[in-house]
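The structure appears below as structure tokens.
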Amino acid sequence: MAEVDIIAPSGALGLVLGTIGPEGGPIVKDVKPESQLLGKVQAGDKIVAIDDVDVQTSKHSHVIQLLRNNSTSDERKITILRESQSQTTERWSSISRRTLAGFVGAAKSPRSRSTEPGSHEPDESGHPTTKQEISCHNTIDDDGDVNDCTNQLSNGLNLDQHIPTLPRFPVLETKDRNCWSEPSHTIFKIRGHNYVVDPKNKIQSGPYLFIARGADLILTNDKSGPRTGIAEKYSSILAGHARSIPTFIINFIFDWGILVNYYEIPAMYVAFLRARYEGSNQDLPAMDALQPHERAIIRFLVGSDNHRNATLKLIPKCPEGPWAVRQLVNGKPALIGKRLPAQYNYYPAKDGKSECFEADLDTRETDRVGKKAISLCRKYMTTVTLDVGIVIEGTTELPEQMLGCVRIHRLDPKMSPTLPSL
């Protein structure tokens, strides 16, 4: 084993995937090909210190925060401990896999809580906690709650800082709480070829057409900026990566915050969006040569808002949670655009940002059944696992196929960032 000092350019650490090792301290899982650290840092390296601050004994994710939100223009010095190949293989066999996305803050505080130590953090109802409660949060030691610092609470965030994003399941240090994943497409039953003559005979969906990129629970208060058009107004969402590739954003708006799901838009659909909104003369495939579900999605993306409202279908499922929630959120499809006020916006690529199509769905205007479901999910949020499945309804475009799904695992509002002001 040997200690090695490496100088990391600004932002380079955000391209390093890692996790907390069984004995504490962050361990490198992978290095993205575009990272300037490729070849300098490798899987199995243990990060001993960052800017000479010792992190090797920590068992909490605030050390990962030092990597995930590096928004400064300064270089960072990292010290790593490199093991032999056999030692690395043996150690990784006992570590749960996880993915970290985004950059990490340059703060050297052992707590990655609010950037303003005296600011009040919201409780589960969305209201500020008391000073006594804040004191309790800020004095948890290394033997305390391991879930307290997966996401930096951010009442003090501004537009120049990346908003912390949810990590991908599994997450060792939070016991798989407050994270997201992409469940199997096979859990969904959708309309098949013969739906018109046999509506009850639904089929298992094929693979998702859009791959999930992530999810965020972001709180709002009276100082937060607008909750719509977030792809254009807040480039810092998804830890600054929301528009690193073409992305479809579904933004659910609540009284107390927003729940955002992100999906990658495949190249074929981006071409149709460019033709519709930018007058692109790029050659497009003939519609009659496409699969029915592909035509359905294209018509949704380039159609009128009325058509979108009539075809955007939500399939919510609750695989884990209290009985009352599971009974109400039971996988019954809903044309969400007909149940909620919806806004749709396309943002072309510019200034190094990729194309984005965003659907803003205002749950504050839902019906009685919807309000009951939202209220229950809110009440039991920390114990509920929820699948947010999306499909574009087909009438003549059959069989359907799931556009995508994000599974959110037992979210904790106390660990959520706050939408900054503009």
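A short reminder: the numbers here are calculations on the coordinates, not readings from a lab. What you are looking at is a predicted structure, and each value in this text was computed from that prediction instead of being measured. Note that each Cβ is placed from the backbone with ideal geometry, even for glycine, and that neighbours are counted across all protein chains shown.
If R0 is 51 Å, the Cβ-Cβ spacing of ASP51 and SER421 corresponds to a FRET efficiency of close to 0.95. Taking each of LYS200/LYS338; LYS223/LYS353; LYS200/LYS332; LYS200/LYS372; LYS353/LYS414; LYS175/LYS317 in turn, the alpha-carbon distance tops 19 angstrom for LYS200/LYS338; LYS223/LYS353; LYS200/LYS372; LYS353/LYS414; LYS175/LYS317. Given 37 °C and 0.692 mPa s, compute D for the stretch 270-314 with the Stokes-Einstein relation, Rh being the Kirkwood radius over Cα pairs; round to the nearest whole µm²/s. For these conditions, the coefficient is 292 µm²/s.
When +1 charges are put on Lys and Arg Cβ atoms and -1 charges on Asp and Glu Cβ atoms, the dipole computed for the stretch 172-415 relative to its Cα centre reaches about 860 debye. Calculated FRET efficiency, LYS175 to ALA275, Cβ-Cβ distance, R0 = 35 Å: about 0.15 to the nearest 0.05.
Volume of the convex hull of the stretch 273-420 (Cα atoms only), normalised per residue: 144 Å³.
Please state the shape class of the stretch 172-415: rounded when a/c is under 1.5, otherwise prolate if a/b exceeds b/c and oblate if not, all from the C-alpha gyration tensor. Intermediate values should be presented prior to the final figure.
Working: a/c = 1.69, a/b = 1.15, b/c = 1.47.
In terms of gyration-tensor shape, oblate.
I'd like to know which of LEU361, PHE300, ALA286 lies farthest towards the positive end of the charge dipole of the stretch 172-415, counting +1 on Cβ of Lys and Arg and -1 on Cβ of Asp and Glu. Comparing the listed Cα positions along the dipole, LEU361 ranks first. About the centre of its Cα atoms, the stretch 255-393 shows a dipole size close to 680 debye [charges on the beta carbon of Lys, Arg (+1) and Asp, Glu (-1) only; nearest 20 debye]. Close amide H pairs (under 5 Å, H built 1.01 Å from N) link GLY214 with TYR262, residues at least 5 positions away or on another chain.
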